[in-house]
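The values are calculated or read from the model by the stated rules, or taken from the named source; none is laboratory data. Please read all numbers here as calculations on a predicted model, not as lab measurements. Here the Cβ positions follow ideal geometry from the backbone for every residue, glycine too, while neighbour counts run over all protein chains shown. Ligands, DNA and RNA are excluded from the accessible area calculation, which covers all protein heavy atoms including side chains. Shrake-Rupley method; radii C 1.70, N 1.55, O 1.52, S 1.80 Å.
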Amino acid sequence: MPDGRKGPMMVIGPDEGDSYWQPSPSTGYVTVKISPYNSPFDLFSAGIQVLEPGTHVREHAHERAHEMLFVHEGTGTAIIDGVEHKLFPGSLLMLGRYVQHRIANDGPGQMKLLWVIAPAGLEDWFAAIGRPRAAGETTPPVFTRPDTVGEIQRQQRFINPDQSGVK
């Protein structure tokens, strides 16, 4: 194939990418693997989220983004628009705009998720609420979200469960 038609490619190692410890209740970490900041891909971003046992991602939706989640390791529960779904390794969730979702790790070990979001932007959320993490670093004490989380949610166009209606 002529070089002008080939798209870009990337290979990203297990410990590569900007990584952030996450606040309670999502205690664990996120590593951003692909984003507009480290790649030629502007339309999406992707990464790994690790949830510790007994933790969860709060219920929310995205105003302008579609999100895909793939359970690589661990077990848990997703509540999607009020309906509970069991999650196992190999489970895939496709969540369109305004679809409320909550992900919980109710298994005995870590839950590892691959997330892909389009358009890109979720990486900014993780950086804004998290704390920088280095590969192999000892888990820090549990911490809470920043006091400015409401403003960060508005900037990131999150839809909270108490916001009703679809625009």
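Summary table below
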{"quantity": "Where a residue in region 132-152 is under 22 Å from residue 33 (Cβ atoms) and part of a loop (DSSP other than H, G, I, E, B) and its partner, wherever it lies, is open to solvent by less than 50 Å² (accessible area, probe 1.4 Å) and of a type in the set (S, T, N, Q), with Cβ under 8 Å and at least six apart", "calculated": "134/19; 135/19"}
{"quantity": "Only one of 120, 104 that is surrounded by 17 or more Cβ atoms within 10 Å (Cβ to Cβ), closer than 22 Å to residue 72 by Cβ, touching a residue at least 24 places away in the same chain (Cβ under 8 Å) and more than 12 Å from the chain's Cα centre (by Cα)", "calculated": "104"}
{"quantity": "Every residue from region 45-66 that is of a type in the set (A, V, I, L, M, F, W, C), more than 13 Å from residue 115 (Cβ to Cβ) and open to solvent by 30 Å² or more (accessible area, probe 1.4 Å)", "calculated": "none"}
{"quantity": "Test: residue in region 38-59 that is under 27 Å from residue 75 (Cβ atoms), over 12 Å from the mean Cα position of the chain (by Cα) and part of a strand (DSSP E or B)", "calculated": "yes"}
{"quantity": "Selection within region 129-145 - among the basic types (Lys, Arg) and either open to solvent by 60 Å² or more (accessible area, probe 1.4 Å) or modelled with pLDDT under 95 (or both)", "calculated": "131, 145"}
{"quantity": "Residue 26, sole failed condition from (1) at pLDDT 95 or above; (2) open to solvent by less than 70 Å² (accessible area, probe 1.4 Å)", "calculated": "(1)"}
{"quantity": "Residue list for region 84-101, restricted to those being out of contact with any His (no Cβ under 9 Å at 6 or more places or on another chain) and open to solvent by 20 Å² or more (accessible area, probe 1.4 Å)", "calculated": "84, 85, 86, 88, 92"}
{"quantity": "Hits in region 81-104 (condition: closer than 24 Å to residue 63 by Cβ and either in a loop (DSSP other than H, G, I, E, B) or among the polar types (S, T, N, Q) (or both))", "calculated": "81, 82, 96, 97, 98, 99, 100"}
{"quantity": "Qualifying position, being closer than 29 Å to residue 108 by Cβ, at pLDDT below 95 and open to solvent by 30 Å² or more (accessible area, probe 1.4 Å), among 42, 81, 15", "calculated": "15"}
{"quantity": "Selection status of residue 69, free of Cβ contacts under 8 Å to residues at least 40 places away in the same chain, surrounded by 16 or more Cβ atoms within 10 Å (Cβ to Cβ) and in contact with a strand residue (DSSP E or B) (Cβ under 6 Å, 6 or more places away or on another chain)", "calculated": "no"}
{"quantity": "Residue in region 146-163 that is surrounded by the most Cβ atoms within 10 Å (Cβ to Cβ), counting only those that are under 20 Å from residue 56 (Cβ atoms) and of a type in the set (Val, Ile, Thr)", "calculated": "159"}
